[in-house]
Structure formats: structure tokens, C-alpha cells
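The values are calculated or read from the model by the stated rules, or taken from the named source; none is laboratory data. Please read these numbers as outputs of a predicted model, since none were measured by experiment. We place every Cβ from the backbone using ideal geometry, glycine too, and count neighbours over all the protein chains shown. Side chains included, ligands, DNA and RNA excluded: accessible areas come from the protein's heavy atoms. Shrake-Rupley method; radii C 1.70, N 1.55, O 1.52, S 1.80 Å.
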Amino acid sequence: MAEDVCYSTVIFSHRSPSGAEVKRDDVIYAEVNTTGTLSTERGTPTGAVSVSTLRADPNTTLYRLATVCLGLLCAVLLTIIIALSVNYTGVTESLSQANSRMKNELDWLKENYSSLIAASQVLWTNYSILAAVNDKLQNEKAELQRNTSGLQSIIERFQMENDSLQTKIKILNRHVTEIYKTFPSLEKYCSFKDVESEEWVCNPCPRGWVFFSCKCYYFSIDEKNWKDSHTACKKQGADLVIINNREEQEFIWRQTKGNKNKWIGLTDASMEGIWMWVDGSRLTTGYWDDNQPNNQNGIQDCVVADPKSHSFQNWNDLDCNSSWQRICETQAVFR
């Protein structure tokens, strides 16, 4: 039994059965006063143990501290390595996801790049077309500006000519006014259009007359016998109408259609059956109604145009003393 043990370093030695010495280090005892025996495993015979008291080696303590520190350091490093491994796994996954996202974005950019290239080509084509159109418009604008300048010059010249003509018109109107005062009969043909400017308007026929083929025709509404009708036309500076052709006959028929009978300047009062116009010329072509002339009762020597006839061939001989409207004719003063 050991007593007052103070741990120190001792060396146990014993001999193996073969006689070799066996040593064990780092066994700490303080002081051993008892002599004992060590037995080997499996009933090996014990041998003598020699125990000697030794002082603890300082290097051994340092080694132990270094070992502990290295163990702690290894634990820390292991913890760091595990943490880094976990973090690396997360970072790797994040990088993988970012790489996949960037790959998708790259594919999207490639597609958009192709689309943008195509759109750029279209825009460039359209730009070229618009540039050509713009050049054409610029040329047309320049041409229009040149034409405008030319037209402006023409307008200014016309304006000057118009001013000159207006001056001449005013002078002529004053002359016409003086002529009108000298010849009052002009009132039948001319009248003021604008009293302030004293502008005159003249017609080829007197007011109330109808112009046709360089002649003027008057269709009366009052009724007289043939002789008085002839006299009334004379007073108007005209005569009973003389119809020389088909066009004139159709014109008179259209003007009188549906109205009353109207005297024309044709009679056979001087010699029965010999129809003469008021100017002394003999009838060559007549436009008689059916069964006319018939000289009914032997007193029908003057001719009317019957507007109730359904044809432009509407002449009829009647009694010269009967009262009917008349058609007067005169030359137009100008065409």
C-alpha cells in the first residue's frame, strides 16, 4: 500500500520472460516506499520493480500544453472548416443560381440583340426612305418658292393692270353717262350695276326682250288687231316677226307654247294666196298647222302662231281685225 504519494516521474522496469527489459515512461508518482511486484498479463510471473523518485521534467509540461493548444487549435480549425464548408455549399448554390440566371439573361439578350439588329435594319431602311422623301420635298419646296416668286410678280403686274383698267372703266362710265344724257333711248339697253362706282351694264336687247341668234324678240301681253300690232312694233323700233328658218320657228314655239295666239308679220291681204312678209319679201317656207291656211269665210288674211298646237308647225290664218297678242322683232345692238 502506498503512503504519502507525491506524483512524480518514475520508471518501471521489469524483465520479460525472455529476459528483456521493458520500460514505461510518464508514470507519475511521488515517493514510493513500498516494494511491490508487477505482474504481466495472463499470469506472467512477477518481477522486481525498481522505483526511484524523480523530479518532473519541465519540457514534458510544455509538451502537454502544446498538445492541448494544438488540440484546441484543431477543434477551432475543424469548426472553421465545417463553417466554411457549409458556407461554401451555400455560396456554390448561390453562384449556381446566379450563373443559371445570368445564362438565361444572356440568352434573352442574345434574342433581343437579334431583334434589335433586325429592327435597326428596318429603321435604317425607313430612315433612308424618309431621307430620300425629305430631299424630294426640299427640292419641291425650293421649286414652289421659285414659282411663288414668279407668281407674285405676275400678280403684282396684273394688279397694276387691273388698277389701270379700273381707272379706264371709270373714265368710260363717265363717258357712258354723258352719252346716256345725250341719247335717252340707251336707257332701254343699259342700266347702273353699281350706283356708287357708276358702273354700267348693257344688254344686247332692250329690257323685257329675249335675245336669240343676234336678234331681240318681244312677246306682248296686250292684245291688238294685226294692223295696230304692226304699228305698235314700229313704235318700239321693231316690226312684226319674220320667221326665216326652222331654228327660229322652234325658238318662238318654245317661248309661246301653252299661251294665246300671237300675230306674226305675214299676210296675203294684197293678193289672196300670195303670202308676203312685212319687209316685202315673199314666203318660201311655211310652218302651217294641219289643214291651214284655209281662209275660212274668205276673210282670214293674217297669220298667228298658235301656241296650243302640239307641234312647232303651228301657223294659222285668221281675220286681221281680231285682237291677239303680238311678237315683235329687231336686231340686237351687239352680239
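Net length available on complete extension from A75 to N245 is 46.9 nm, with 0.36 nm assigned per residue and the Cα-Cα distance removed.
Based on the Cβ-Cβ distance from S281 to T167, what FRET efficiency comes out when R0 is 41 Å, to the nearest 0.05?
Values: r = 49 Å, r/R0 = 1.19.
E between S281 and T167, to the nearest 0.05, is 0.25.
Set the Förster distance to 35 Å, then compute FRET efficiency between N295 and N259 from the Cβ-Cβ distance, nearest 0.05. Intermediate results must be reported in sequence, preceding the final value.
Details: r = 25 Å, r/R0 = 0.71.
FRET efficiency, N295 to N259: 0.90.
Shown in residue order for segment 315-331 are the 3J(HN,Hα) couplings computed by the Karplus curve 6.51 cos²θ - 1.76 cosθ + 1.60 at θ = phi - 60°: 6, 8, 8, 9, 5, 5, 8, 6, 9, 9, 5, 9, 10, 9, 9, 8, 6 Hz (x for Gly and Pro).
Listed highest first by mean packing, meaning other Cβ atoms within 10 Å per residue, what order do 269-279, 304-314 come in?
Going by the mean number of other Cβ atoms within 10 Å, highest first, we get 304-314, 269-279.
Per residue, the accessible area of segment 222-308 comes to 54 Å², computed with a 1.4 Å probe over protein heavy atoms only. Amide hydrogen proximity for W288: with H placed 1.01 Å from N in the peptide plane, the residues at 5 or more positions away or on another chain lying under 5 Å are W315. Distances between placed amide hydrogens fall under 5 Å for K262 paired with A305, all partners being 5 or more residues away or on another chain.
Computed extension length for S323-R207: 39.3 nm, one decimal, from 0.36 nm per residue of separation with the Cα-Cα distance subtracted. Taken one residue at a time, the phi angles of segment 62-70 give Karplus couplings (6.51, -1.76, 1.60, θ = phi - 60°) of 5, 4, 4, 5, 5, 5, 4, 4, 4 Hz. Gly and Pro are set to x. Simple spin-label estimate for N87 and R174 gives 11.6 nm between the two label positions (7 Å along the Cα-to-Cβ direction from each Cα). Converting phi to 3J(HN,Hα) with the Karplus coefficients 6.51, -1.76 and 1.60 and the offset θ = phi - 60°, segment 98-106 yields 4, 4, 5, 5, 5, 5, 4, 5, 5 Hz in sequence order, with x at every glycine or proline. Measuring against 31 Å, Cα to Cα, the residue pairs K170/K234; K188/K260; K188/K227; K170/K235; K188/K257 contain K170/K234; K170/K235 as the ones spanning a longer distance.
If Y287, Y218, Y127 are ordered by their accessible area, calculated over protein heavy atoms with a 1.4 Å probe, which sequence runs from highest to lowest?
Values: Y287 20, Y218 50, Y127 135 Å².
Ranking Y287, Y218, Y127 by accessible area, largest first, yields Y127, Y218, Y287.
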